[in-house]
């Protein structure tokens, strides 16, 4: 009897040890899958992948969260099956199959979610890197260029260090953020963050198809983050890296359309909001109309640029600035033009702009040659010029963080007040 009890205790202990080993792996192979209750942990222990339920619901999802702060809060940074949750995970599995696909099967052996690949490998594995990137690759190939698939190319509501926001022109694939519908439903909602490519690339928050807010083109570095912007024939993207890799920091698009940069504060065991956009009324897209500039420290917040007047003075007095402003002296293509410098502003919406990096003339001369050109900018640290065509919209006073723009004016009207 005692021997039987000892054998049973030994077997239970052995099974428990095997279960714990399987729960701390950093990869899924064709022979090693995970079920609900088991997880994959990145090699440095920063991130963890597994089944989870958002607060207030019993629906189950496959997600990635910060492992090292899990005792304080579960912060999910990526979700696989965000539009198709599981309600029964008794037999659900996440596994790798040949030729190199990661698949989530339901309890009825139906495919709930899967990756895709255009190539096949002999020994496919899914590895959770310590950057939070879940990659599918050949077990013997560490070259990122050869990854079959990676979660960093399919973000949900969170941009992590090293993750790109933009478009690869070779593949046609776009990386963008889409918010959770609400705090307990990761289904994509109505807000999304894109790196808009028309004209000069810029970050925009969209509500469905309409722009609701726009990021400034000039984004500086600090002692925590280093910003990377790439603009070439192969790809256009924005990303950031951490100067101190021990810091936990992320960019999140919230369910109410706010873009927030958060940093983990270990002393308070909580996330600190470092930046939030929109931060005030002047971040509302095009609130002052064409040639109107928004300054949160003035009243009213919308003022026409110098040498411009309200297009509809009666509506402007009622704080309806939607029709914007016009030049006191309209532009005439057959008259002489000059440029006025406007300093310390958030640059106008650049969808209807053009970037010329092979200038044979100066920026002003090039803009004068085209009657449709309304303004120009000489980009800091870059070759060439940025030209605007048509009305200038979504201008905001930024003082020390602003830039200088040169707007075309009729020379005959410059003496007018």
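The values are calculated or read from the model by the stated rules, or taken from the named source; none is laboratory data. Nothing here was measured: the structure is a model prediction, and the numbers come from that model. Heads up, the Cβs are rebuilt from the backbone with ideal geometry, glycines too, and the neighbour counts pull from every protein chain shown.
For region 317-348, give me each residue that is free of Cβ contacts under 8 Å to residues at least 12 places away in the same chain and farther than 20 Å from residue 407 by Cβ.
Quick first cut of region 317-348, residues free of Cβ contacts under 8 Å to residues at least 12 places away in the same chain only: 317-318, 320, 334.
Residues satisfying the conditions are 317, 318, 320.
For region 332-378, give me each residue that is in a loop (DSSP other than H, G, I, E, B) and crowded, with 16+ Cβ neighbours inside 10 Å.
If the condition is that a residue be in a loop (DSSP other than H, G, I, E, B) and crowded, with 16+ Cβ neighbours inside 10 Å, then 347, 348, 349, 350, 351, 352 are the ones that fit.
For a quick check of your reading: which strands (runs of 3 or more DSSP E) sit entirely within region 55-163 and have at least 2 residues that are touching a residue at least 60 places away in the same chain (Cβ under 8 Å) and touching a strand residue (DSSP E or B) at 6+ places or on another chain (Cβ under 7 Å)?
On the way: elements: 61-66, 76-79, 93-97, 101-105, 111-114, 124-128, 134-138.
In region 55-163, 61-66, 76-79, 93-97, 124-128 are the strands (runs of 3 or more DSSP E) which contain 2 or more residues that are touching a residue at least 60 places away in the same chain (Cβ under 8 Å) and touching a strand residue (DSSP E or B) at 6+ places or on another chain (Cβ under 7 Å).
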Quick count over region 355-384, residues being modelled with pLDDT of 90 or more and within 30 Å of the chain's Cα centre (by Cα), is 3
Selection count, region 246-264, where residues are more than 18 Å from residue 180 (Cα to Cα) and either in contact (Cβ under 8 Å) with a residue 40 or more places away in the chain or surrounded by fewer than 12 Cβ atoms within 10 Å (Cβ to Cβ) (or both)
4
Being surrounded by 19 or more Cβ atoms within 10 Å (Cβ to Cβ), under 26 Å from the mean Cα position of the chain (by Cα), within 27 Å of residue 173 (Cα to Cα) and not assigned by TED's automatic domain parsing to the domain that holds residue 240 narrows it down to one residue among 40, 96, 77, 125; which is it?
77
Considering only region 391-411, how many residues are within 19 Å of residue 325 (Cα to Cα) and either assigned to a loop (DSSP other than H, G, I, E, B) or modelled with pLDDT under 85 (or both)?
4
